[in-house]
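This report refers to the structure that appears directly beneath it.
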Protein chains: 2
Amino acid sequence: MPNPTAAMLVIGDEILSGRTRDSNMHHLAQELTKVGIDLREVRVVSDDAPAIEAALLALSGAYTHVFTSGGIGPTHDDITADCVARAFGRHIDVREDARALLAAHYARTGAELNAARLRMARIPDGATLIENPVSTAPGFTVENVHVCAGVPAVFQAMVASILPGLTGGVPLMSQSYRIMRGEGEIAAPLAELAGEFSDLSIGSYPFQQNGAYGANIVIRGSDGARVDAAMTKLAGIFPS
Amino acid sequence: MPNPTAAMLVIGDEILSGRTRDSNMHHLAQELTKVGIDLREVRVVSDDAPAIEAALLALSGAYTHVFTSGGIGPTHDDITADCVARAFGRHIDVREDARALLAAHYARTGAELNAARLRMARIPDGATLIENPVSTAPGFTVENVHVCAGVPAVFQAMVASILPGLTGGVPLMSQSYRIMRGEGEIAAPLAELAGEFSDLSIGSYPFQQNGAYGANIVIRGSDGARVDAAMTKLAGIFPS
């Protein structure tokens, strides 16, 4: 059976304006790889309702899971929850269990559960809450879309809450081999190797170091013995 | 007149598997912001021809410019040029001026212009070459799609080659203000400010530092005087 697939939707002007460097994509990619869910696509869109809704529907229809990051805080530019509700035709309002979580949290910290903070308890009908051990305000899952916060510490905690509940696949085995020669020198034998091991993914990632060219060859596949065999052959062709 | 728009297409399994952290998106976002071209969307897809071609066509049709990164090297997993040719129905083959660039480069470095390296001179019909002062092998522009290398130093050099030839827009003025209070405390006055200055984009980006909550408020717009006015008002509401 093929592995489940996933896409990520990063929501936020701050990434597209170059103000902030996204780090959630890299984290999610690593976590999904560990559990055998194939991250196939990432989209970054701005805080624009039609763009968010169109991306949600496209990705939700194409992949097993969609993870979103960003736009679920208390301020006026946090519009993700409403976009998810609209995209999936669901009513959205303050939900009692989410409100209770926030009320308990703000009672502990001595802050007021005001109207802005109460926005974070607005959850589309039929959603499942995602636990937020960092700052309490929950994410939520609607259909196959997991709606998470954008602040990296909270995003990571929410992903950690979600993953144990998902059906994973076969984690890909991955080995890499560093060759201090230009890609143009190694391309032909590498293509031959890729042809022979067509059940594996063999990628070449070039770099430059102190003026010299090199490439990291990454061999990935679900069958560890095959990855070993290809790696042994590669090391035989290009001894270090 | 509204600013020109842009999208970016990042091509490469290495980002989606979590092996590599993309940095080209952040660089492009910053460069486009400087020249008043609005980066509206980024997509990351794997080394999969149908996925690349579908994304190319979708983005090319929706935005003024598309920048791609990755997949134009000499190895078997470099399939971007062929995907671009197929997506736009163009023939692709080794082009003489691109071949001459590579021949001169490898003559200088003493390496052989072998079949693998010659693949980097394969250019779709009717394309314009993009200069690569770092490692010579050119990128190219077809219709509104600028095809660049994925290695960050080369990507950056190619973007620097392309941008002077594009019609820019009005660079957004941007000012930011740091408030050491939780977003929930500041959301209501901030929403009021955003309503009053609806011609500006006012974003709130929360952070946590040593256990305390704060937010960076970023005010952006094409009219510097309006940004100043909003910022003055914001600082009056939340004196530092």
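The values are calculated or read from the model by the stated rules, or taken from the named source; none is laboratory data. Quick caveat, the model's predicted, so the values are computed rather than measured. For neighbour counting, all protein chains shown are included, and Cβ atoms are generated from backbone atoms with ideal geometry for every residue, glycine included.
Here is how the numbers come out for the structure above:
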read-out: Unique match (being within 11 Å of another protein chain (Cβ to nearest Cβ), within 19 Å of B:Ala54 (Cα to Cα) and of a type outside the set (A, V, I, L, M, F, W, C)) among A:Thr20, A:Thr75, A:Thr5; value: A:Thr5
read-out: Tabulated pairs, the range B:1-16, first surrounded by fewer than 22 Cβ atoms within 10 Å (Cβ to Cβ), second among the aliphatic types (A, V, I, L, M), C-beta under 6 angstrom, 6+ apart or interchain; value: B:Pro4/B:Ile37
read-out: Filter result for A:Ser69 (under 21 Å from B:Ile52 (Cα atoms), more than 8 Å from chain B (Cβ to nearest Cβ) and touching a residue at least 60 places away in the same chain (Cβ under 8 Å)); value: no
read-out: In the range A:182-200, residue modelled with the lowest pLDDT [restricted to those that are touching a strand residue (DSSP E or B) at 6+ places or on another chain (Cβ under 7 Å) and within 11 Å of chain B (Cβ to nearest Cβ)]; value: A:Gly182
read-out: For B:Asn216: the one exception among (1) surrounded by fewer than 20 Cβ atoms within 10 Å (Cβ to Cβ); (2) free of Cβ contacts under 8 Å to residues at least 60 places away in the same chain; (3) farther than 30 Å from A:Val134 by Cα; value: (3)
read-out: Yes/no for A:Ala229 being over 28 Å from the mean Cα position of the chain (by Cα), away from chain B (no Cβ under 14 Å) and not acidic (Asp, Glu); value: yes
read-out: Test result for B:Asp77, more than 24 Å from A:Ile15 (Cα to Cα) and either in contact (Cβ under 8 Å) with a residue 24 or more places away in the chain or of a type in the set (Lys, Arg) (or both); value: yes
read-out: Matching residues, the range A:38-57, being surrounded by fewer than 24 Cβ atoms within 10 Å (Cβ to Cβ) and more than 9 Å from chain B (Cβ to nearest Cβ); value: A:Ala49, A:Pro50, A:Glu53, A:Ala54, A:Leu57
read-out: Residue match in the range B:91-111 (condition: within 12 Å of chain A (Cβ to nearest Cβ), farther than 23 Å from B:Gly168 by Cα and either under 24 Å from the mean Cα position of the chain (by Cα) or assigned to a loop (DSSP other than H, G, I, E, B) (or both)); value: yes
read-out: Of residues in the range B:8-41 being charged (D, E, K, R) and not in a helix (DSSP H, G or I), the one farthest from A:Gln30 (Cα to Cα); value: B:Asp38
